[in-house]
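Remarks on the structure that follows.
The values are calculated or read from the model by the stated rules, or taken from the named source; none is laboratory data. As the structure is a computational prediction, the values presented were derived from the model and not from experiment. A quick note on method: Cβ atoms are made from the backbone with ideal geometry, for glycine too, and the neighbour counts reach across all protein chains shown. For the accessible areas, the whole protein counts, side chains as well, though only heavy atoms, and no ligand, DNA or RNA atoms are used. Shrake-Rupley method; radii C 1.70, N 1.55, O 1.52, S 1.80 Å.
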Amino acid sequence: MSTSSDPSVLDGGANGAGATDPFDTGFYFERWMKDLTGGWQQLPPDVAGAPEDSEFYIGSFPGSNCELSFEGVLNFDGYSFGPISSPEGTLVLTQRGRIEADINVRVAVINGWVTGDIIATERVVLDSQAKVMGQIYTPALTVKLGAVFEGECLKIGSQPQKREPESLTEQLSRVEDFLVAAGV
């Protein structure tokens, strides 16, 4: 095995001529950033320029932990730890959307990931890319081919008494099982 201190040999010459630090990770970081940002889709034009009286669109920053209340229709394309509620509203969770909290709405259309309970007074639709781990309380549930649902669906109004919190070990075990079932 041969070694070289020439950085153009170490990375196949892609780091540029004249670089002298063999431990410079700038090239790899830039390539990683390009790959990362290249995978994100742009907002559809009808959502990006939506007038005020149309549907509302939210894309949150990763790890936001706020309680979200809304009226009407909410298209959610982000990541949130905070609960989402709208007793008369409709939540549409897009394929890129992730929610790790409870949801309380009139209608829930899920095509992303939810870890938490969903309470919907009218109906819940789990689209083909949905991955839900938690209880669903609703009078009507539609599950499309490809959706993954781990939990129970109970008729609204049959919510059990407050559950004892799970230990961290039990929670991690449920998450691992969910990821294995989801093929991740």
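Summary of computed values
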read-out	value
Test: residue in the range 128-139 that is among the aromatic types (F, W, Y), open to solvent by less than 50 Å² (accessible area, probe 1.4 Å) and without any contact (Cβ under 8 Å) to a residue 60 or more places away in the chain	yes
Test: residue in the range 89-111 that is among the hydroxyl-bearing types (S, T, Y) and touching a residue at least 40 places away in the same chain (Cβ under 8 Å)	no
Residue count for the range 70-108, restricted to those that are among the charged types (D, E, K, R) and in a loop (DSSP other than H, G, I, E, B)	5
